[in-house]
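Undergrad: Would you mind keeping the following structure in view while I ask a few things?
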Amino acid sequence: MVWAVPMDDRKRRVLRAIVTLYGADGEPVGSGLLAEQFGHAVSSATLRNEMAALTKLGLLEQPHTSAGRVPSAKGYRYYIDNLLDTGARLPAEEKRQIDLLFREMDYDPERLAESAARALADLTGYCVVATTPKSEDLCIAHYEVVQVGRSAAAVLAVTTAGYVRTRVARVRSGLSREKAAALAALLNHSLTFVAPVDLSGRMLAELCSQIDPELVPVISAAAAILQDSVKPHVFLGGEQHLLDWPQLDGKVGDILTLLNDEEQAAGLIAPPADRNESVLLGEDLEPQIPGLCIVSDRYLVGGGLWGSVALIGPTRMPFQKLMPLLHTFADQLGEGMSGKRKDTPQAAAPRRTVIYKEDLE
């Protein structure tokens, strides 16, 4: 963002200090506390003048007449765009603790994203949203059809990223082993390596015309898996922490409504294409949710696959502390989703490979 407001170095230092102090304890920052932060190298009178100037510029607010100042939404946006150091590194001991957390997680993509969201929520005290990897080029590399019970069939599909998707279809007359094999052969001939956008009603009608009408639910289940293959799944952890923040009083219902729509939530926490991280304020949303902040980081899996993980909380987050932690979690998620898991005495990492059609021929 291009900033037209005249800001000298001292004003930037004052704003950075107020954001940090307010994020630490949630109390308006007065000139006395600010002077201590500067080691009394600047007088309280000078700092009061700088705070008054920042307030006039709309970067600070004064909750009460005699109170100190707090950052405004405009002030947070200036801080995030101009003063926040996103390259800070996590202390070695904290990184080691996160390594240990990930070693205990199941590395199935859905379970890993869910476990990571819960672990990060427990660690930070914020709500967390994590998605499974996505790619516009993802499709199905192989299908299997298995009878499960007298009147049900399980359709299993392996995506080109090596992940397994499953759906159950009701088959009233049952499904013999021969019929299951024939259905799997039909699906592998017609629906593998097909982009979801190319799956047409005409194609499905043609497939259904080749089988017993009672087996049509199996084709429908396979098509649903294909359509779902490019959509990231979204997992929430620590939703209860939204109730801990006075800034979000009366807004939790709106926030959860926003996050419980998977497609909307995945888009909301995805950083812009040219960045790996982003900080979204509630004032950036439509409709606005003042006081809300969404700090997101992208994780990379390889083969064009990527996902997102985000912290959801009030705008007074301690950004400088949380960003390195979020980066580390994103890196660990990327390694886990790609199969680069550090071996432990309990288990070795399952290998995940990208599958190409010529590998199956």
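The values are calculated or read from the model by the stated rules, or taken from the named source; none is laboratory data. From a predicted model like this one, the values you see are computed outputs, not experimental measurements. Here the Cβ positions follow ideal geometry from the backbone for every residue, glycine too, while neighbour counts run over all protein chains shown. What goes into the accessible areas is simple: the full protein's heavy atoms, side chains included, and nothing from ligands, DNA or RNA. Shrake-Rupley method; radii C 1.70, N 1.55, O 1.52, S 1.80 Å.
Undergrad: Please give the helix 44-56 orientation as an angle from the longest Cα principal axis of the chain, in degrees from 0 to 90, rounded to the nearest 10.
TA: Tilt relative to the chain: about 50 degrees.
Undergrad: Can you work out the Karplus-derived ³J(HN,Hα) for every residue in region 309-316? Use 6.51 cos²θ - 1.76 cosθ + 1.60 with θ = phi - 60°, whole Hz, and x for glycine or proline.
TA: With the stated coefficients, region 309-316 comes to 9, 9, 9, 10, x, x, 5, 8 Hz.
Undergrad: What ³J(HN,Hα) values, in whole Hz, does the Karplus curve 6.51 cos²θ - 1.76 cosθ + 1.60 give for region 149-159 when θ = phi - 60°, with x put for Gly and Pro?
TA: So the Karplus estimates, Gly and Pro as x, are x, 6, 10, 9, 10, 9, 9, 10, 10, 9, 7 Hz.
Undergrad: Rounded to the nearest 500, what is the chain's calculated 222 nm mean residue ellipticity when only DSSP H runs of at least 4 contribute -39500 (n - 2.57) each, over all residues? Kindly include the intermediate steps, with their values, before the conclusion.
TA: Numbers: 13 runs with 145 residues, N = 361.
Mean residue ellipticity, 222 nm, calculated: -12000 deg cm²/dmol.
Undergrad: Additional query: What angle do you read, to the nearest 10 degrees and between 0 and 90, between the alpha-carbon axis of helix 92-103 and the longest principal axis of the chain?
TA: 20
Undergrad: Further question: From the cross-link list K231/K251; K11/K95; K134/K321; K134/K251, which pairs have alpha carbons spaced over 32 Å apart?
TA: Correct reply: K11/K95.
Undergrad: Taking the chain as the reference, fit the longest principal axis to its C-alpha atoms, fit the long axis of helix 319-337 to the helix C-alpha atoms, and give the angle between the two in degrees, 0 to 90, nearest 10.
TA: Compared with the principal axis, the helix lies near 10 degrees.
Undergrad: Can I ask one more? For the chain, what relative contact order do you get, as a whole percent, if you take Cα pairs closer than 8 Å and at least 6 residues apart?
TA: Values: 597 pairs, mean separation 68.3, N = 361.
In percent, rounded to a whole number, it is 19.
Undergrad: A follow-up question, please. Just order 72-81, 26-35 by mean Cβ neighbour count inside 10 Å, highest at the front, would you?
TA: Answer by packing, highest mean first, reads 72-81, 26-35.
Undergrad: Between Y143, Y126, Y299, find the one with the highest GNM mean-square fluctuation for the chain; connect C-alpha pairs within less than 10 Å.
TA: Y143
Undergrad: As an exercise, take the mean of 1/r over every pair of distinct alpha carbons in region 232-304, invert it, and state the Kirkwood radius in angstroms.
TA: Hydrodynamic radius (Kirkwood, Cα pairs) of region 232-304 is 13.4 Å.
Undergrad: Quick one: 3J(HN,Hα) in Hz for region 294-304, Karplus 6.51/-1.76/1.60 with θ = phi - 60°, rounded, Gly and Pro as x.
TA: 10, 9, 10, 9, 8, 10, 10, 9, x, x, x
Undergrad: I'd like to check one number: the per residue accessible area of region 166-324, probe 1.4 Å, reported in Å² as a whole number.
TA: On the way: 7640 Å² over 159 residues.
Ligands and nucleic acids excluded, the result is 48 Å² per residue.
Undergrad: Oh, and also: Expressed in nm to one decimal, what extension gain is obtained for the pair V216 and A182 from 0.36 nm per residue of sequence separation less their Cα-Cα distance? Display every interim value, and only then the final one.
TA: Details: separation 34, 0.36 × 34 = 12.24 nm, distance 1.31 nm.
That works out to 10.9 nm of additional length.
Undergrad: Roughly speaking, what is the centre-to-centre gap between region 133-172 and region 85-99 when only Cα atoms are used, to the nearest Å?
TA: Between the Cα centre of region 133-172 and that of region 85-99, the gap is 38 Å.
Undergrad: Taking all protein chains as present, what is the carbon and sulfur share of the accessible area of the chain, in % to the nearest whole number, probe 1.4 Å?
TA: Its accessible area is 50 percent carbon and sulfur atoms.
Undergrad: Based on Cβ point charges of +1 for Lys and Arg and -1 for Asp and Glu, what charge dipole magnitude is obtained for the chain about its Cα centre, in debye rounded to the nearest 20?
TA: It works out to roughly 340 debye.
Undergrad: Another question, then. If the chain between A52 and A224 were fully stretched, how many nm would it gain, using 0.36 nm times the residue separation less the Cα-Cα distance?
TA: Full-extension gain reported as 56.0 nm.
Undergrad: When the dipole is taken about the Cα centre of region 56-158, and only Lys, Arg (+1) and Asp, Glu (-1) are charged at their Cβ, what size is it in debye, to the nearest 20?
TA: Using Cβ point charges on Lys, Arg, Asp and Glu, region 56-158 gives about 500 debye.
Undergrad: Ordered by packing density, taken as the mean number of other Cβ atoms within 10 Å over each peptide's residues, highest first, how do 269-278, 16-25 rank? List each step's numbers first, then the result.
TA: On the way: 269-278: 14.7, 16-25: 19.3.
Ranking the peptides 269-278, 16-25 by packing returns 16-25, 269-278.
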